[in-house]
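A.B. asks: Here it is, the structure, as structure tokens.
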Amino acid sequence: QIQLVESGGGLVQAGGSLRLSCAASGSFAVGKPMGWYRQPPGKERELVGNITGDGAIYYADSVKGRFTISRDNGQNTMYLQMNSVKPEDTAVYYCNAVLRPGSKWPVELWGQGTQVTVSS
């Protein structure tokens, strides 16, 4: 079975920290770009950041300096370390993987999301 599973969400106080995980079943995500997205209530899904198979990372301006994306050595799991969280960070957080990067027909796999709620 090929799937991504997000975990680590929950309720956190403003200014606190939270670490999300995105686990890929098997080795299909090895060397593939992966990304974190979020969808705040009543808003469209937006990019948080992404990481390539060789470790290059991009962050959205809204989280730059506060969030950190990393990946384990086996590239089976991607993490989102959330520091100094704000109420506006409240959202369902999703991860994805691009299975055929650079191809004419790239395949994207999405997890089902994990809820992060930041209280004031």
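The values are calculated or read from the model by the stated rules, or taken from the named source; none is laboratory data. As the structure is a prediction and not an experimental result, all values here were calculated from the model. Here the Cβ positions follow ideal geometry from the backbone for every residue, glycine too, while neighbour counts run over all protein chains shown. Note: accessible area is taken over every heavy atom of the protein model, side chains too, but ligands, DNA and RNA are not part of it. Shrake-Rupley method; radii C 1.70, N 1.55, O 1.52, S 1.80 Å.
A.B. asks: When the solvent-accessible surface of protein heavy atoms is calculated with a 1.4 angstrom probe, in what order do TYR37, TYR58 fall, highest first?
C.D. replies: TYR58, TYR37
A.B. asks: A further question on this structure: Near GLU46, within a Cβ-to-Cβ distance under 12 Å, what is the net charge of the other residues, with Lys and Arg +1 and Asp and Glu -1?
C.D. replies: -1
A.B. asks: Still on this structure: Taking only Cα atoms and a 10 Å spring cutoff, compute GNM fluctuations for the chain and point out the largest among GLY74, GLY42, GLY15.
C.D. replies: Between GLY74, GLY42, GLY15, it is GLY42 that shows the largest mean-square fluctuation.
A.B. asks: Based on DSSP, what percent of beta bridges with both residues in the chain are antiparallel, to the nearest 5?
C.D. replies: 90
A.B. asks: Using the structure shown, list the pairs from LYS32/LYS104; LYS64/LYS104; LYS43/LYS86 with a Cα-Cα distance above 27 Å, or answer none.
C.D. replies: Details: LYS32/LYS104 15 Å; LYS64/LYS104 31 Å; LYS43/LYS86 16 Å.
Over 27 Å apart, Cα to Cα: LYS64/LYS104.
A.B. asks: What spacing in nm lies between the two simple spin-label points modelled at GLU108 and ILE57, each 7 Å away from Cα in the Cβ direction?
C.D. replies: Result: 2.2 nm between the two label points.
A.B. asks: Carbon and sulfur together cover what percent of the accessible area of the chain at a 1.4 Å probe radius?
C.D. replies: Here it works out to 49 percent.
A.B. asks: Any idea of LYS32's accessible area? Nearest 10 Å², probe 1.4 Å.
C.D. replies: 50
A.B. asks: Counting only C-alpha contacts under 8 Å and six or more residues apart, can you give the relative contact order of the chain as a whole percent?
C.D. replies: 36
A.B. asks: For the chain, give the magnitude of the charge dipole about the Cα centre (Cβ charges: +1 Lys/Arg, -1 Asp/Glu; no others), in debye to the nearest 20. Numbers along the way, then the final one.
C.D. replies: On the way: 11 positive and 9 negative charges, 20 e Å.
That gives the chain a dipole magnitude of about 100 debye.
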